[in-house]
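Visitor: I have a structure I would like to understand better, so I am pasting it below and will then ask my questions one at a time.
The values are calculated or read from the model by the stated rules, or taken from the named source; none is laboratory data. Remember, it's a predicted structure, so these values are computed and weren't measured experimentally. Please note: Cβ atoms are built from the backbone with ideal geometry, for glycine as well, and neighbour counts cover all protein chains shown. The accessibility values were calculated without ligands, DNA or RNA, using every heavy atom of the protein model including side chains. Shrake-Rupley method; radii C 1.70, N 1.55, O 1.52, S 1.80 Å.
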Amino acid sequence: MKKIKTIFERDWEGNRTCINKFIDGFTPALLTDAIATEKLDGTNVRITIRNGTVVRIEKRRNPDKIQKHKGIIEPWYIDASQSTEDKWINDAVANTDTSAITDGEWSGEAVGKNIQGNPLNLNKNIVVFFSLGQSPTFENVPTNYGELKEWLKNQKSRYGHDCGIEGIVWHCKNGDMYKIKVKDFRADTRT
C-alpha cells in the first residue's frame with residue numbers, strides 16, 4: 001500500500017496546513033480523467049473474501065518513529081485481532097454484506113458509530129469498499145487552491161448524515177491517487 005499524496009505542499013515549519021503550491025511532479029492536468037470520490041473518515045482495512053465469506057481482516061499500520069528513521073515511510077496491513085482493540089473493526093465487517101463480492105483482497109474504510117468519533121453520523125459500523133468503487137463521487141471538483149479551499153468547506157457528505165465531508169480522493173486511470181482534506185486548510189489565512 002502506498003500513502004496517498006496530498007496535492008499541495010505543507011507548511012512543515014508552521015501549522016502543517018497546506019500552502020498554495022502543488023507538490024513536486026503534480027499538475028491539475030493529472031486529474032483530467034480522474035474520478036473524485038468522498039474521503040471517508042474511518043479506519044483503513046483490507047478484507048480477504050473467499051466464496052462470499054470473509055476469511056481475513058487486516059488493518060492499516062503506519063511506521064513508527066524508529067521505522068521512519070530507518071527509511072520505512074509507507075504503511076502496510078497487519079492482521080486485526082479478536083481483542084477489544086479491534087472490536088469495532090470486526091463489528092463493521094460483521095455488519096457488511098460480502099456475499100456478492102468476488103474472491104480477492106479488497107481495501108476499504110471501516111466507518112460508523114464507534115469509529116473515529118462517528119463524524120458521518122451513522123447508526124452502525126460498516127465497511128465501505130473504496131477498491132470496489134463504493135465511495136460517493138463528486139463532479140467538477142476544483143483544483144485551484146482558493147476555489148478548492150472554499151468548495152471543500154461547503155460540501156455535504158453523500159455517505160454520512162447531516163455532516164460535511166472529510167475530503168476528496170482522486171483516482172487516476174493509471175492507478176495513481178491524490179487527496180485533499182478539509183483540515184488541510186484549517187487555520188490557514190493565506191489564499
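Visitor: Output the number of residues of the range 10-21 satisfying the condition of being part of a strand (DSSP E or B), under 21 Å from the mean Cα position of the chain (by Cα) and either basic (Lys, Arg) or at pLDDT 95 or above (or both).
Guide: Result for the range 10-21: 1.
Visitor: Okay, moving on. Please determine, by comparing only the residues of the range 160-176 that are surrounded by fewer than 17 Cβ atoms within 10 Å (Cβ to Cβ) and not basic (Lys, Arg), which one is nearest to Lys5 (Cα to Cα).
Guide: Just the residues of the range 160-176 that are surrounded by fewer than 17 Cβ atoms within 10 Å (Cβ to Cβ), to begin with: 161-164, 172-176.
With not basic (Lys, Arg) added as a condition, the list becomes 161-164, 172, 174-176.
Numbers: His161: 27, Asp162: 28, Cys163: 25, Gly164: 22, Cys172: 12, Asn174: 15, Gly175: 13, Asp176: 9 Å.
Only one residue fits best here, namely Asp176.
Visitor: So which residues in the range 28-64 are of a type in the set (Ser, Thr, Tyr) and in contact with a Lys or Arg (Cβ under 7 Å, 6 or more places away or on another chain), if there are any at all? Talk me through it step by step, then tell me what you get.
Guide: Taking the range 28-64 and keeping what is of a type in the set (Ser, Thr, Tyr), we get 32, 37, 43, 48, 53.
Listed by number, the residues that qualify are Thr43, Thr48.
Visitor: Between a residue in the range 16-40 that is touching a residue at least 24 places away in the same chain (Cβ under 8 Å) and of a type in the set (Gly, Ala, Ser) and any residue that is part of a strand (DSSP E or B) and open to solvent by 40 Å² or more (accessible area, probe 1.4 Å), which pairs come within a Cβ distance under 9 Å, given they are 6 or more apart or on different chains?
Guide: Every condition considered, the pairs that remain are Ala34/His171; Ala34/Met177; Ala36/Thr137; Ala36/His171.
Visitor: Scan the strands (runs of 3 or more DSSP E) fully inside the range 22-117 and keep the ones with 3 or more residues being open to solvent by less than 80 Å² (accessible area, probe 1.4 Å) and of a type in the set (Gly, Ala, Ser).
Guide: Values: elements: 35-39, 43-50, 53-61, 76-79, 104-111.
The strands (runs of 3 or more DSSP E) meeting that bar are 104-111.
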